[in-house]
1. For the stretch B:19-66, what are the residues that are of a type in the set (Asp, Glu) and farther than 16 Å from B:Leu103 by Cβ?
2. Does at least one position in the stretch A:272-287 carry a residue that is assigned by TED's automatic domain parsing to the domain that holds A:Ser540, in a strand (DSSP E or B) and touching a residue at least 24 places away in the same chain (Cβ under 8 Å)?
3. Do you know which of the residues in the stretch A:86-109 that are over 10 Å from A:Ser55 (Cα atoms), within 12 Å of chain B (Cβ to nearest Cβ) and not aliphatic (A, V, I, L, M) is surrounded by the most Cβ atoms within 10 Å (Cβ to Cβ)?
4. With respect to A:Ala764, is the statement that it is assigned by TED's automatic domain parsing to the domain that holds A:Ile333 and modelled with pLDDT of 95 or more true?
5. Are any residues in the stretch B:232-259 within 12 Å of chain A (Cβ to nearest Cβ) and either out of contact with any helix residue (DSSP H, G or I) (no Cβ under 7 Å at 6 or more places or on another chain) or under 30 Å from B:Glu111 (Cβ atoms) (or both), and if so, which ones?
6. Among the residues that make up the stretch A:640-649, is at least one of them of a type in the set (A, V, I, L, M, F, W, C) and either assigned by TED's automatic domain parsing to the domain that holds A:Gly506 or under 19 Å from A:Leu258 (Cβ atoms) (or both)?
7. If you check B:Asp139, B:Asp229, B:Asp131, B:Asp125, which single one turns out to be within 12 Å of chain A (Cβ to nearest Cβ), charged (D, E, K, R) and under 28 Å from B:Pro112 (Cβ atoms)?
8. Of the residues in the stretch A:289-306, how many are over 19 Å from A:Asp737 (Cβ atoms) and of a type in the set (Lys, Arg)?
Amino acid sequence: MNQPSVITTENSPSKFQNCDFAVPDSSTEMAEAQEPQATGSAQDTETVLWQIEISPDAGQPDRLARNILADAKDLGISASLSLSASRGFLVQGPLDRNQVVQIAETLLVEAVVEKYELGRCGDPQFGVGDAAHPGLFYVLPLAGVTDPEAESAKLAIQQLGYPIEAVRTFCKYRSSVLAPEQESILCNKLLANESIEQVVTGPLQLSEIQLGEPYQLSIQHVDVMGADDSQLEQISRDWQLSLTLVEMQTIQEHFQQLNRNPTDAEIETIAQTWSEHCSHKTLAGRVSYTDEKGTREFDNMLKETIFAATVEIREMLGESDWCVSVFKDNAGIVTFDEQHNVAFKVETHNRPSALEPYGGANTGIGGVIRDTLGTGLGAKPICSTDVFCFASPDTPLEDLPPGVMHPRRIMKGVVAGVRDYGNRMGIPTVNGAVYFDPRYVGNPLVFCGNIGLLPKEKSFKEPLPNDLIVSIGGRTGRDGIHGATFSSAELTDASDITSGGAVQIGNAITEKMLMDVMLQARDRNLYSAVTDCGAGGFSSAVGEMGEEIGAEVWLDQAPLKYDGLSYTEIWISEAQERMVFSIPEAKWPEFRELCESESVEATVIGQFKPTGQLILKYGDQVVADLSMQFMHEGRPPVIRKAIYQPVPVSELSESSERTTVQNREDLLAILSSLNVASKHWVIRQYDHEVQGGSVIKPLVGVENDGPGDASVVRPILNSRRGLAVSCGMNPYYGDYDPYHMAASAIDEAIRNCVAVGADPRQIAILDNFCWGYTDRPETLGTLVRAALACYDVSTVYQSPFISGKDSLNNEFSYTDPTSGGRETISIPSTLLISAMGQVPDIGRCVTMDLKSAGNAIYLLGATENELGGSHWSLVNGLQGGAVPVLDPHAAKQRYERLHDAINQRSVRSCHDLSEGGLAVAIAEMAFAGGLGAELDLSDELKRSGLSAAQCLFSESNSRFIVEVAPEHEASFTELFAGDARRLGVVTEAPDLLICDAGEERLRATLAELKAAWQSPLDWD
Amino acid sequence: MSVEPNILILRAPGTNCDHETAFAFERAGGKPVSVHINQLLETPNMVNEFQVLCIPGGFSYGDDIAAGRILSSQLKGDLAKVIGEFHASEKLVIGICNGFQVLIKSGLLLEPDGQGLPATLSWNDSGRFVDQWVHLKADSPKCPFLNGVGDLYLPIAHAEGKFVARNEAVLSALQAGQQLAVKYCNPDGHKGQVAFPHNPNGSQQHVAGLCDSTGRIFGLMPHPERHIDPTHHPQWTRNDLPEKGDGLVIFENAINYFA
């Protein structure tokens, strides 16, 4: 067989030069190669690139095409578009046709429901469309982008005994005739995401999958010694370091003292260590804050607000302090039972998710799981929580600023990313929320949280001098280079072009395998410390672990996904699914054997040598020699100004007098508003029951579809002790007052936990600040204001913050195509509070669905005229009004009493009042329980002086509706001493009826309430 | 025969229900041991120390290529032989969710004929993963796991659980052989027309679980190990429920089979 000459040099002159496929010299030569092999003789061992295309059999659904068509419909693209799809594999190796048939039929094709074609890549049979579908598009992952399915297929084919070299997956689409601009939308908006994939129009013309070029060592230096200020700034930009001039000057001074220039690896390491993402230099920096009360100077803003609250609470608790390790490890740790502690961390993964929602969310959850895995000596992940913020999925395509992806596509990608990673890891995703606001259009927010369980004695770690540095799990590639510095920078409409290197794709199974061996190694005491490779890769992991000792790293030893990585790329790569261990030499053989037994790669990449220096070597050459002290202590303090000017409380822009009919319409509108509407489309895609510890599921009630306040899991299957997980967030209040927003978010998270039965005396909370550009004093001012509320509320509730994370500069800049002006969209100030409560006996948990007709309905807590930033204002398009303020002392007492009532089993159902207030809460309880409710507000109105609409829809904090059986009413009301007021009863009738002294104020059927709530996000 | 049957819980990269499945067997009175596929491939004969082989749920090898496909391709050759002997010696095999996918795709559950595998588990009609509870009716006098079992309420959590037979003849043969062991049914217990979401994936004949011709190899998509305690039931806060969840009986039956 005459094989076409293969281009193996780095620069193919064709349009494929950005990819790792070689292209044949010409199609004529390709044609010669397409002669099918007459007989596949085993001796014929030339390397061939085989193409296998698999399509659904006649009568079977075309899943891939159907998904694309659904997306096309969402975007309003061509109703006449017709599409068929195949999935496929490129398999490269010394195989003959019969062998490939074997591979296809035993491994790749599902013969009962699929058919396939195979041939050499580029064979004419693959290039033929049918009459109805002349358009032909192949979608392939870009070079260096993780392709988990191809990796698995390669291993499986090798296990069948075939010595293949490489596998790539692809999708193939055949489309009906399209106009050029439609074709461009189809390719760029629907079929592929150019940050991870490429579209090839027409047949694939490839002859080889290239496996990378060997790397030739060449040490790069960065000339900072003689640079002037503008050159220093230029260096920071050119190298994507995101360092300020002062920081560059500090680096310059340091190397002037050493009388040499830094290598690229050195300056990159410093940039990673000093990045906002890794060091939180703004919030942990000096802030001069001025508000209506005057100016307050912080040396370390976080330390003096949020951390300070925790320190005070721990002191107050004294002997009964239940915090174990806070704000120092990868996750915060608190006690759980006699033998175990629990760790909790919530991370953001916003920037990567804006560019590639699936990969961004995927690696977001993968990363936070590694955070708990890397806490202490390793916590076993037991459940996850995921909160997202998007622009409305109904945003018209033409209203989007240039360079942003449609929010519906972002949302679908993010949900799929969390689903595929979390489900594969076998970690139940039990809690979450989705918020919508147009200002998230350029900066969607993706919060991923994970809770882990660890034996008490495994809660602390300490690398020992001369321990080996061992990397296990995934291999290192060019994934996510500059992720840490990138996530500290502002996004622009050019980001999707300039930051392609930042996009990572996860491979959950690699992480699952890592987790399986790691927890065994932990229990066998095989290592002295561990941390995850997150932002900054080895650079951050080794830098942090070796901070007190020093480290020497042998970069050429790191296993690579493909050849050609420079020492700096290896050092800062953010390739996923890697963890770094500190292992005493004596324990290394057992550790290695354990990893081998489960096919997990483990490699010694260095040693913690007690020198106080970070030394990087490639072969014999030293490529970096940095003082640990300079890296960790050398960063010049960031000094920022923060200004907050309170917005005076204004009157609501319209009166809140409403008719009975309007009240009903308002209630239906709020139930249908995206923030309140049912998220079942999201929730049902997550496995929330794996690990077998599910106690209270995210959806509850007689048809398993009501909105629970918090989920409860039982991490130890033969124990009755549980954990409740919930969250609170309300960006709308922040537009009025960030202090009350923060206070309300904490209150919401905690009351959600308490509502299901968590003990209010032991709820740990986490903060995640996502803000705009905090170099602007006014923007930083709102953040400091929120942090002050965190301190105030946390100390009263005695709910300590145990971990937190911030993501700043969430702004999107673009050039308006019509005006030509530069526009910037800042996200609303967004504070997510996540709460983890403890449930002493899961058998006492309570859900929010009404249980039995005849039971009494009580309201706990006072309703004020607080419609500012409310959902009632939102659906009515109103401005102004007062946002809910918090009385934490009264709330704390109420929560403790409620917990006592739950423990006495006098609470049949309980629901917190949040978005939409009383009306939404009782409506949800009624339709979740399939029972009606009849309330009379007359006493409540008399007492508060509110109008019916105010009473129904105000979002005052710290309130619950509680259902109490008649036999428990006396003890219940006695316990609450006036704080519990009877509003009415549960009824058999399928209606919600709310009156004022017999006069109807709101009436709706359960069916219409439920439909309003379920329909907006009831996607296919 | 020992009083406590030994249960081999087979674990592969991506298996993730091994822990709670072992717990369910333990609660039922068995002695589960978790074994990694690498270990089993190395020493296939270790199977002989066990009475029950269980392939639990998860995403073996990421469900890459197709759910359960890669693990099923490993259960061939020597391993298929010892599992065949294991089965022939009156022992039991159960696959749950991913384990069911593995059993069917490996040919252990339904033997391939001249045209290949007679049936498979394909993508849900919805095209995506779903976690929900389903009502089930067990109906196979020959399957020891279902001894005395009628109605069940269990959760499913899968993307590829739609039972598809190659043709009508295969279906009728399975029906006649009492191998369509568990079916999705309506909440009121009626079989008849079982529409989405009660048949959550579009399975032919509403099949949720199958047994082989002897009844001793059993696979099902729903997760019995996720309903062994009353607090697993999604409505346990509404009703007083029995001490045992519906799923426990399947594990107890496996243990009692050796009593």
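The values are calculated or read from the model by the stated rules, or taken from the named source; none is laboratory data. Just so it is clear, the structure is predicted and the values come from calculations on it, not from any experiment. FYI the Cβ positions are ideal-geometry reconstructions off the backbone, even for glycines, and counts take in every protein chain you see.
1. So in the stretch B:19-66, the residues of a type in the set (Asp, Glu) come out as B:20, B:26, B:42, B:49, B:63-64.
Hits for the stretch B:19-66 are B:Glu20, B:Glu26, B:Glu42, B:Glu49, B:Asp64.
2. Taking every residue of the stretch A:272-287 in turn, at least one turns out to be assigned by TED's automatic domain parsing to the domain that holds A:Ser540, in a strand (DSSP E or B) and touching a residue at least 24 places away in the same chain (Cβ under 8 Å).
3. A:Phe89
4. Numbers: assigned by TED's automatic domain parsing to the domain that holds A:Ile333: yes; modelled with pLDDT of 95 or more: yes.
When the stated conditions are applied, A:Ala764 passes them.
5. B:His233, B:Pro234, B:Gln235, B:Thr237, B:Arg238, B:Asn239, B:Asp240, B:Gly247
6. So the first thing to find is which residues in the stretch A:640-649 are of a type in the set (A, V, I, L, M, F, W, C), and the list is A:642-643, A:647, A:649.
Narrowing further to those that are either assigned by TED's automatic domain parsing to the domain that holds A:Gly506 or under 19 Å from A:Leu258 (Cβ atoms) (or both): none.
Taking every residue of the stretch A:640-649 in turn, none turns out to be of a type in the set (A, V, I, L, M, F, W, C) and either assigned by TED's automatic domain parsing to the domain that holds A:Gly506 or under 19 Å from A:Leu258 (Cβ atoms) (or both).
7. Values: B:Asp139 fails: within 12 Å of chain A (Cβ to nearest Cβ); B:Asp229 fails: under 28 Å from B:Pro112 (Cβ atoms); B:Asp131 fails: under 28 Å from B:Pro112 (Cβ atoms).
Result: B:Asp125 is the single residue among B:Asp139, B:Asp229, B:Asp131, B:Asp125 that is within 12 Å of chain A (Cβ to nearest Cβ), charged (D, E, K, R) and under 28 Å from B:Pro112 (Cβ atoms).
8. 1
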